[in-house]
Structures are given as C-alpha cells and as structure tokens.
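J.: One structure coming up, written as structure tokens, with questions to follow.
The values are calculated or read from the model by the stated rules, or taken from the named source; none is laboratory data. Predicted model, so just to flag it, every value in this text is computed and none were measured. In this analysis, Cβ positions are derived from the backbone assuming ideal geometry, glycine residues included, and neighbour counts consider all displayed protein chains.
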Amino acid sequence: MSAHEARETVVPLGRGGRPKPLRPFRVRPATTLKDEHEQVLALVGQNFCRLFAADLSGYVGAEVEITTSPVQQWSWDDLLAALPEPYCAARLHVPPMEGTGLVVMDVPLATAIVEKLMGGAGIAQERTDPLTEVELTLVGEVHQRASTDLAESLALVVRTEPTTARQESRLELIRASAARSLLIAFEFDVTMNSAVGHLRVAVPAEPLLASLEAFSGTSAAATSLASTGRLGDCAVEATVRFNDTAVPSHRVVDLAPGQVLRLDHPVDLPLTLYVGDLPFLAVLAGRRGAQKAFAVVGPPGTKGAEP
C-alpha cells in the first residue's frame, strides 16, 4: 500500500471530528543500557518522584502524585519529531556533563499548572495556540525545578549544576545538538487534582553512561564513590522482605490475634533486599550483637548460597 493509499484509507480524527495530519513513524534506537545501569537509573527516577512531587505540590498549592516509567533512549531528531504541536519544551544544560538535554511537559498539564498558579481550579486544557509570555514564565519555573530535582537524584552517580532555557521554537531546539546524538530520557506520569500529563527529562547519553560505568565499576576509570562522598548525599529506602506468597482471602479475613500465618518460605532460602521497589540483593537474616542484621549472599534470586 502506497503512502497516498494509506492516507485515503486511515484518517485519524481530532477534536470536533476534524482530520489530524499524519506524522511520519520513526523507530527509536534499541536500548544499549546494561541491566545494572537500568537498575541505578530506576532508583534515580524513584527518588525524583519523591522530590519533584513535594516540590511541585508546594509550588502550585495542590496535591501532586508522580510515577516513573522505564528510562528510554532517543536520538535528538526522533525526540523532536515526537513532540506534539504546540509543544512545551526547554533546552537543558547539565554541566559538567557536555551536551544538551531537554525538558518536555504535556501542554494540557502545563495549562493546568498555570491555571492553578493563577488562582483557578487547575483543569487541563487542550491547546492549538502556543503558550503566552506569562504562561512561559510560570512553566519555565517548573522546568527549572524539575531539572534541579533530577540533578539531586543523579547525585548518586554524578554531580551536576543544571540550567534550563526558555521554551524555544523547534528550529532553535534542532540546532541545540547533533541530530543523531543520543539522549537518556526519564519518563514520568504526573497527576495534579483531575489533571493528568506526562513529563520527560532527557540528558545527554554519552557522559551519563560514562558516569554509570564508573559507578558500577565496569570501566577502567572507576572510582570509589564512598571516598568522593556522592553516595552519602542520596538517601534511599532499603527493606529486607520474604518472597511473596499467595494466601486465600478468607484466611486473611479470618485472622485473629495470636494466629500464625504460614508463608511457605523455606528457612534456608535467602530473603531479598529491596532498594525502593527494586529487588537488589539476596541476603540471609541474622544478628550482630543485639542488632538485627543480614549477610549478602549474591544477586536477587540466589538459591541457598553461603555468605
């Protein structure tokens, strides 16, 4: 089927039943992230959710909930081609890392934030016209707060001093970096009252991957994070859990004080250490003096290994 025949056969409709223009489909490059790098970036994303949710909530005066999605890799031209019209994006600089990143927010979410800041109810609105000067100023503050909170989360891996530029035209954004240079994008879903939208913070891939290599100790230039003090600056939540077990709901309902619920977890099977919501290591429970402790035995899922 030719492109002309496709346009004649399938026509996407917008609001009011008006046809929307077809956009060319581009395949994003396959991810080159190692498993251990994805785990670290997932921790960064979870930490950002806590920081930015509190930051944005205080800024707009409304309850905000943020959830993270797996990181993605984009080239500059593919990411720019995916921006809707109108779009709400600003260039991001994260020195000492070289290169240019991007902060992108859904326009309906941006309009809801602006309306809330100006005393309204904070209702998301579809827009066909660009943001006004006043709206750009208010959204620019949100962009900067998002980049600052991401930098604090990235302190686990690398220290940065982020700055954002005002929202710019697409031509200026394209000139910001080479078309095929890669970006690592942190993806977040933001809920504010009844408004729901998407936030993406993309940073240059090459310098971040180099920092991840040093962090994981897989590069020749790996350094001790304990000696640099970076790791101590980032607080993470660690818990040791039994493996999940299925329990009939009627047994839970019938539980009474003093009853014992069997977990079907063999005593010689290691527990799992979670950092945030991610399984990180297999451990054995124990004691050191009067303190409860655990001994690391290997990666998650290790079966009965000795510490």
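J.: When GLY258 is evaluated against the numbered criteria (1) under 24 Å from VAL40 (Cβ atoms); (2) in a loop (DSSP other than H, G, I, E, B); (3) modelled with pLDDT of 80 or more, which criterion, by number, is the only one it fails?
T.: (1) is the only condition that GLY258 fails.
J.: Still on this model: Would you check if THR239 is modelled with pLDDT of 75 or more, polar (S, T, N, Q) and part of a strand (DSSP E or B)?
T.: So THR239 passes the test.
J.: Something else now. Which of the residues that make up region 270-290 are loosely packed, with under 13 Cβ neighbours inside 10 Å and within 18 Å of the chain's Cα centre (by Cα)?
T.: Answer for region 270-290, where residues must be loosely packed, with under 13 Cβ neighbours inside 10 Å and within 18 Å of the chain's Cα centre (by Cα): just ASP277.
J.: Still on this model: From SER69, SER75, SER57, which residue is at pLDDT 90 or above and among the small types (Gly, Ala, Ser)?
T.: Within the list SER69, SER75, SER57, the selection yields SER57.
J.: Here are some residues: ALA110, ALA54. Which one is within 16 Å of the chain's Cα centre (by Cα), assigned by TED's automatic domain parsing to the domain that holds PRO207 and not hydroxyl-bearing (Ser, Thr, Tyr)?
T.: ALA54
J.: So for region 270-291 (the condition being assigned to a loop (DSSP other than H, G, I, E, B), touching a strand residue (DSSP E or B) at 6+ places or on another chain (Cβ under 9 Å) and either assigned by TED's automatic domain parsing to the domain that holds GLU36 or at pLDDT 80 or above (or both)), does at least one residue qualify?
T.: Checking region 270-291: at least one residue is assigned to a loop (DSSP other than H, G, I, E, B), touching a strand residue (DSSP E or B) at 6+ places or on another chain (Cβ under 9 Å) and either assigned by TED's automatic domain parsing to the domain that holds GLU36 or at pLDDT 80 or above (or both).
J.: Restricting to region 102-123, count the residues that are in contact with a helix residue (DSSP H, G or I) (Cβ under 8 Å, 6 or more places away or on another chain), crowded, with 20+ Cβ neighbours inside 10 Å and among the small types (Gly, Ala, Ser).
T.: 2
J.: Regarding GLU36, is this residue in a helix (DSSP H, G or I) and in contact (Cβ under 8 Å) with a residue 60 or more places away in the chain?
T.: yes
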